[in-house]
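So the structure is just underneath, and the comments pick up after that.
Bear in mind these aren't lab numbers, they're just calculated from the coordinates by the rules spelled out. Note that the coordinates shown come from a computational prediction; the quantities given were computed from them, not determined experimentally. Glycine also receives a Cβ, built like all others from the backbone with ideal geometry; neighbour counts cover every protein chain displayed.
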Amino acid sequence: MRLIFGLLVSSVLLSSCQESAKKVQSFSTGEKTSQSISEMPDQAAPNTHHVKVKEILQTSSYTYLFVTENSEEFWIAVRKLDAKIGDDVYYQQALPMKDFKSKELDRVFENVLFIQGNTSTPPTANETKKIPAKKMPPKVDKKIAGIQVNATTGGISIAELFKNKDQYAGQKVKVSGQVVKINNGIMGKNWIHIQDGTADADNYDLTLTTQDKANMGDIISIEGTVYLNKDFGAGYSYDLIIEEAIVK
């Protein structure tokens, strides 16, 4: 009887020890798994483009690169960069532009991608979270009081332009106004907002892009081409904008 009881106790103790060993092993394995995950290197960021530089054109603010990706060849534009033939460029964010003219190069690019956040090494998923999206020039959301600028000879007012925008679409126009906002060097252009004191309903602010420069508060006359429903991507579009403007 004592022998049987002893065997039962030994069996229970052995089973308990084995169960404890399993728990220790399980905990140890879990700890190792947790440690290995935390020590894993950052994963490569998704949707990353990798291009090779074949040709380089420099301007004062931008570097234009003719690149290859797989079997495709195309132009991209990045902020001024000391690039060399054969360099690797990685990017995720790009804004396509058609028939873009570089005044400095005196050249029209049929298609060019303006790149944001380009790197020379593959970006990781963690790194791309830190890259802020570059904002497009914000629109002026209020009419500035006290502005009164008359149209020059052969020119039209901002109210007239918006009121008959379909008539002026694709045409060159002359408009005068006071500079109320400036954003220079975005996508290779300077973005200027002018007001002349006139308005068609809520349309009192005219946005134009140019290679020329102006100062806040300047009274300027511009001549450029009217574009309607121009979409620059990133959720930013204009019902009416003047492009390729010459500031006088």
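Relative contact order for the range 158-247: what percent, with Cα pairs under 8 Å and sequence separation of 6 or more?
Values: 200 pairs, mean separation 28.5, N = 90.
About 32 percent, as a whole number.
Here, the range 49-130 yields an orientationally averaged convex hull projection of 5.4 nm² when only Cα atoms define the hull.
What whole-number value in cubic angstrom gives the convex hull volume per residue for the C-alpha atoms of the range 158-247?
In the range 158-247, the Cα convex hull volume per residue is 88 Å³.
In this label model, Ser60 and Val108 are separated by 2.4 nm, measuring between points 7 Å along each Cα→Cβ vector.
Taking amide H as placed 1.01 Å from N in the peptide plane, the amide H of Phe114 sits under 5 Å from that of Ala77, Leu95, Met97, each at least 5 places away or on another chain. In the range 156-189, whose amide N lies under 14 Å from the spot 7 Å out along Cα-to-Cβ of Asp99? List them in ranges. Backbone N within reach: 169-172. Just how many pairs of Lys in the range 158-247 have C-alpha atoms closer than 21 Å, counting pairs that are eight or more places apart or on different chains? Here the count comes out as 16.
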